[in-house]
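Here, each number is a calculation from the coordinates, and none is a lab measurement. As the structure is a prediction and not an experimental result, all values here were calculated from the model. Cβ placement follows ideal geometry from the backbone for every residue including glycine, while neighbour counts extend to all protein chains displayed.
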Amino acid sequence: MKLAFDKDDFLKNYWQKKPCLIRQGFADFTDPVSPEILAGLAMEEGADSRVIESQADTESGWLVTHGPFEEYEQFGESHWTLLVQSVNEWLPDVGELITPFRFLPDWRIDDVMVSFSCENGGVGPHLDQYDVFIIQGAGSRHWRVGERQSMRECQPAADLCQVEGEFKAVIDEHLKAGDVLYIPAGCPHDGVALEPSLNYSVGFRAPSKAELLLQLGDIAMQQESLQERYQDPEIGSDDISWEIEEKQLAALKGFLKEALESDETDRLLARIVSQSKRPLPEPELPTTAAQVPDLLAQPNAFIEKASGARFLKLSKTEFYGNGEAFTVIPEALPTAEWLAQLQGSKSASELSKRVNSTPQAELVAEMINQGIIYLYIEEF
């Protein structure tokens, strides 16, 4: 699957700047999931799903019902939308929708949310705090999208945030199958289904400074090298005790800046951004390096990166996955880089060509044990 547009122009003029519509970004688009399969997935206990009604018997007319669901007849035939988060972690075919967007940093990828809307279904005008590409599947939807502007948020129903009043739209279009809409974080948008429709939202997390500092603080508490204590700048006996002086603020900021610019913080940030959104499924029994060559040599064996897993390179000797550091010696570097760029399923024989030594086998075993990659046998 290939996204037909000018990536360089997009990155220069639109990415995180303003919304854009890519007509027929995916020509001859075929839905990787049907409404029936999506509805069945929303019946599963572990799936994060909800139905949003826009003509409910409530004061605002809006109502959010969380899954798992047993049936859908009570919602009627119009004015409701089913949304299921992280469908890429359940259905590999949906996960393939991420591949065309890997010209962007892997660590930014969040998940693929899939929605099915009946006629006139939608979630109302709202803001998202992440960057998103919305792929139109079956059906059609009317979208209005604005650039960033001053908007007041409201909550017409529990677990539903919208914006009040009208917003100035720069995109006001009907989307058909294969069209792609890009919306940066913080841009108001509103989509209403013109007929039963499927939409695929490939989301890219855009953490705030506060969120990153909170995560960094939590993990930094475990690091011995960051336990150095603050020391006052030179203090005079005539200094006012109840006044925070400029030199004290400068000393505090410098103290934090020194920590943020350290190599240790680079490693901590790599651990944070390599962490998967949800726990990765680990094998019941650990794999050893000695077992790896025979496992890869099995007929019809395939290797695949787990949905939601990241394996990121920080330096020639440091890789990160599942929030953990992997020390890679030069001999195993080609193996690590091949696994980092792995997309979809590959024959295990392809990896076997790159596993000719104990360090290379140890790397593969550790990644299997961490749940970052897994091996399976295709039955024909």
ask   = So who's got an amide H within less than 5 Å of the one on Ile373, skipping anything under 5 residues away but keeping other chains? H placed 1.01 Å off N, in plane.
value = Ala306, Ile368
key: Whether the range 151-260 is rounded, prolate or oblate, judged on the alpha carbon gyration tensor where a/c under 1.5 counts as rounded   = prolate
request  = Measure out, as a whole number of angstrom, how far apart the alpha-carbon centroids of the range 331-380 and the range 96-167 sit.
outcome  = 35 Å
task = Quote the charge dipole size of the range 317-380 about the Cα centre in Debye, to the nearest 20; the model charges only the Cβ of Lys and Arg (+1) and of Asp and Glu (-1).
result = 140 debye
key: Normalised alpha carbon radius of gyration of the range 32-180 [divisor 2.2 N^0.38 Å]   = 1.07
key: Derived scalar couplings ³J(HN,Hα) [the range 337-353; Karplus, 6.51 cos²θ - 1.76 cosθ + 1.60; whole Hz; x for Gly, Pro]   = 5, 5, 5, 5, 8, 4, 10, x, 8, 10, 4, 4, 5, 5, 6, 4, 5
query = Each residue of the range 280-288 in turn: what ³J(HN,Hα) in whole Hz from Karplus with 6.51, -1.76, 1.60 and θ = phi - 60°, glycine and Pro shown as x?
reply = 7, x, 8, x, 5, 10, x, 9, 9
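Step by step: find N for the range 282-374, compute 2.2 N^0.38 Å, then divide the Cα radius of gyration by it. What's the final number? List each step's numbers first, then the result.
Details: Rg = 11.9 Å, N = 93, 2.2 N^0.38 = 12.3 Å.
That works out to 0.97 for the range 282-374.
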Segments 36-47, 247-258 sorted - mean Cβ within 10 Å per residue, highest first = 36-47, 247-258
inquiry  = Given axes a ≥ b ≥ c from the Cα gyration tensor, I'd like to know whether the range 1-103 is rounded (a/c under 1.5), prolate (a/b larger than b/c) or oblate.
reply    = prolate
request  = Using only alpha carbon pairs under 8 Å that are at least six residues apart, calculate the relative contact order of the chain and give it in whole percent.
outcome  = 15 percent
ask   = Long-range amide H contacts for Gly124: which residues qualify at under 5 Å (H placed 1.01 Å from N, peptide plane, sequence gap of 5 or more or a different chain)?
value = Gly191
query = Counting pairs of alpha carbon atoms under 8 Å apart in space and at least six apart in sequence, what relative contact order in percent does the range 7-205 give?
reply = 29 percent
ask   = Using the C-alpha gyration tensor of the chain, what are the square roots of 5 times its eigenvalues, in whole angstrom, with the largest one first?
value = 38, 34, 19
ask   = Under the Karplus relation 6.51 cos²θ - 1.76 cosθ + 1.60, θ = phi - 60°, what is the ordered set of whole-Hz ³J(HN,Hα) values for the range 30-44, x standing for Gly and Pro?
value = 10, 5, x, 8, 9, x, 5, 5, 4, 5, x, 4, 5, 8, 7
remark   = Placing each pseudo-label 7 Å from Cα in the direction of the beta carbon, Ser34 and Glu284 end up separated by a distance in nanometres of 3.2 nm
inquiry  = List the residues, sorted by chain then number, that are 5 or more residues from Glu147 or on another chain and whose placed amide H is less than 5 Å from its amide H.
reply    = Val170
ask   = How large is Rg over Rh for the range 52-131, taking Rg from the Cα atoms and Rh as the Kirkwood inverse mean of 1/r across Cα pairs?
value = 1.04
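Can you give the FRET efficiency for Gln55 and Ile244, using 1/(1 + (r/R0)^6), R0 = 41 Å, r = Cβ-Cβ distance, to the nearest 0.05? Before the final figure, lay out each step's value.
Details: r = 55 Å, r/R0 = 1.34.
Efficiency, from the Cβ-Cβ distance: 0.15.
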